[in-house]
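Colleague: Just passing along the structure, written as structure tokens.
The values are calculated or read from the model by the stated rules, or taken from the named source; none is laboratory data. It should be emphasised that the depicted structure is a prediction, and the values quoted were computed from it without experimental measurement. Ideal geometry is used to build each Cβ from the backbone, glycine not excepted, and the neighbour counts take in all protein chains shown.
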Amino acid sequence: MCTGPLKKICHWGPLTALGIIKSVSFMTIHCSSMWWPPAESVGGFLNTAVFISFSALTLYNFLSAIYEGPGFLPFHWKPWWLLQAVLEDAEFLQFCNTCDGYKAPRSHHCRKCGRCVLKMDHHCPWINNCVGHYNHAHFTAFLFWAVCGCLQASVVLTCSLYVALNRVWYLYYGDGRQHMVHLTVSTLAFCVFCLGLAIGVVLAVGMLLFFQVRAVVRNQTGIEDWIVEKARHRREGTNSKFIFPYNLGWKENFKQVINLSCTPVGDGVVWPVVEGCDQYTLTREQKEQKSEKRYRTRTYTALENYSGSWIPVTKGWRVLCHPPFTDECRISLRKGDTILVTRWRRYWLFGEKLQAQETSSSRRERGWFPRPCVVELIEGVPNYDLDDKTK
């Protein structure tokens, strides 16, 4: 069992990512040494040197994103201005029951990390950590260099495969100056596999890089995208307009995150805001949205058991073929359980299961479950305070 520094990478996400990085790197360097030998020309040397640089920068920023971490609020945290007896400001901050402390502006509680994360963007399984204030730049750099490296690897491996598969033609009809690429059956299969990985990284990681660059330019995390979207939806048909307080213009936004040292600006608690906004503009909006969410909550009771399976074959083909497209967990149900539902799909519901005897250390059970397993109760539970619960 992994302990200490190895604990962070002893997880399927980092191990898979490391496997992809090293496989593509090894095969690309192996093919480059035959297709464009670095010892025989300046171009070959630059091609290999540039690719090794891309690979090294990808690995460095990947490990930095893991071990630097996003930055966490301490347990029982209170901001310094509350310690100075400005207690009236406490009503604008959210309180985390799990961490038993206030949540700083832009902070959110991560269920997988078990901590409140500074400027949380999302929890990334590939780095087995959250992307937040302190590692946002390293994570974005990791994506950028990975796309650059895999783009070059795709070209090198494609050209190498072409030469290897047409080696006989070059032997008979070539000018004799063409370098030959010799691949055995196993290395040929591995080369094709690595080419598929490289192209997949360019497409999938390239799309993720686009969203991360957009988040940096807007100074708006993935979670805040959802908050702002709901804020604008709440104000449709009115003269009121929600102003996102942290968008200082793309140049200032970019400088807050991206620099040569990948060291973010600020402490992750106090943020510069646009004119007309304050430190609590976003937190006030969040609290209002949670209040509306509590008003919309409906109480359901379970009519049958559900194991929490992601493939509930016994609940009907409609449920099986219409799962919610999210990585949020599923919760198990037992007949008679009470669930507070806050999101609805045609065949699935999202809610939190009430504990029979809830204590401060009780772990919340919240997630998706099949709609046919439950029925809505006419009588609600008006005294249950969802606003005291953290996300």
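Colleague: Would you be able to tell me the number of residues in the stretch 2-51 that are aromatic (Phe, Trp, Tyr), modelled with pLDDT under 95 and over 21 Å from the mean Cα position of the chain (by Cα)?
Modeller: Residues of the stretch 2-51 aromatic (Phe, Trp, Tyr): 12, 26, 35-36, 45, 51.
Now drop any that are not modelled with pLDDT under 95, which leaves 12, 35-36.
Retained after the next criterion (residues that are over 21 Å from the mean Cα position of the chain (by Cα)): 35-36.
Qualifying residue count for the region: 2.
Colleague: Would you mind stating whether Cys110 is within 17 Å of the chain's Cα centre (by Cα) and surrounded by fewer than 23 Cβ atoms within 10 Å (Cβ to Cβ)?
Modeller: Values: within 17 Å of the chain's Cα centre (by Cα): yes; surrounded by fewer than 23 Cβ atoms within 10 Å (Cβ to Cβ): yes.
So Cys110 fits the description; yes.
Colleague: What is the number of the single condition among (1) under 22 Å from the mean Cα position of the chain (by Cα); (2) modelled with pLDDT of 95 or more that Phe54 does not meet?
Modeller: Among (1) under 22 Å from the mean Cα position of the chain (by Cα); (2) modelled with pLDDT of 95 or more, Phe54 violates only (1).
Colleague: Residues of the stretch 53-83 being out of contact with any helix residue (DSSP H, G or I) (no Cβ under 7 Å at 6 or more places or on another chain) and surrounded by fewer than 19 Cβ atoms within 10 Å (Cβ to Cβ), which ones? Quick ask: steps written out before the conclusion?
Modeller: Here is the first cut: in the stretch 53-83, the ones out of contact with any helix residue (DSSP H, G or I) (no Cβ under 7 Å at 6 or more places or on another chain) are 53, 56, 60, 63, 69-80, 83.
Scanning the stretch 53-83 gives Ser53, Ala56, Tyr60, Leu63, Pro74, Phe75, His76, Trp77, Lys78, Trp80, Leu83.
Colleague: Output the number of residues of the stretch 301-336 satisfying the condition of being closer than 14 Å to Pro372 by Cα and either of a type in the set (Asp, Glu) or not assigned by TED's automatic domain parsing to the domain that holds Phe350 (or both).
Modeller: Of the residues in the stretch 301-336, 1 are closer than 14 Å to Pro372 by Cα and either of a type in the set (Asp, Glu) or not assigned by TED's automatic domain parsing to the domain that holds Phe350 (or both).
Colleague: Between Val163, Val155, which is in a helix (DSSP H, G or I) and in contact with a His (Cβ under 8 Å, 6 or more places away or on another chain)? First the steps, then the outcome.
Modeller: Values: Val155 fails: in contact with a His (Cβ under 8 Å, 6 or more places away or on another chain).
Testing whether each residue is in a helix (DSSP H, G or I) and in contact with a His (Cβ under 8 Å, 6 or more places away or on another chain) leaves just Val163.
Colleague: Among the residues of the stretch 198-233, write down those that are over 26 Å from Leu18 (Cα atoms), touching a residue at least 12 places away in the same chain (Cβ under 8 Å) and not β-branched (Val, Ile, Thr).
Modeller: Answer for the stretch 198-233, where residues must be over 26 Å from Leu18 (Cα atoms), touching a residue at least 12 places away in the same chain (Cβ under 8 Å) and not β-branched (Val, Ile, Thr): Arg218, Asn219, Gln220, Glu224, Lys230, Ala231.
Colleague: For the stretch 19-52, name all the residues that are surrounded by fewer than 20 Cβ atoms within 10 Å (Cβ to Cβ) and of a type in the set (Gly, Ala, Ser).
Modeller: Listed by number, the residues that qualify are Gly19, Ser23, Ser33, Ala39, Ser41, Gly43, Gly44, Ala49.
Colleague: Restricting the stretch 312-339 to residues that are aliphatic (A, V, I, L, M) and touching a helix residue (DSSP H, G or I) at 6+ places or on another chain (Cβ under 7 Å), which is surrounded by the fewest Cβ atoms within 10 Å (Cβ to Cβ)? Show your work before the answer.
Modeller: Of the residues in the stretch 312-339, the ones aliphatic (A, V, I, L, M) are 313, 319-320, 331, 333, 339.
Those still in the list that are touching a helix residue (DSSP H, G or I) at 6+ places or on another chain (Cβ under 7 Å) too: 313, 319-320, 333.
Details: Val313: 9, Val319: 20, Leu320: 14, Leu333: 23.
This residue is Val313.
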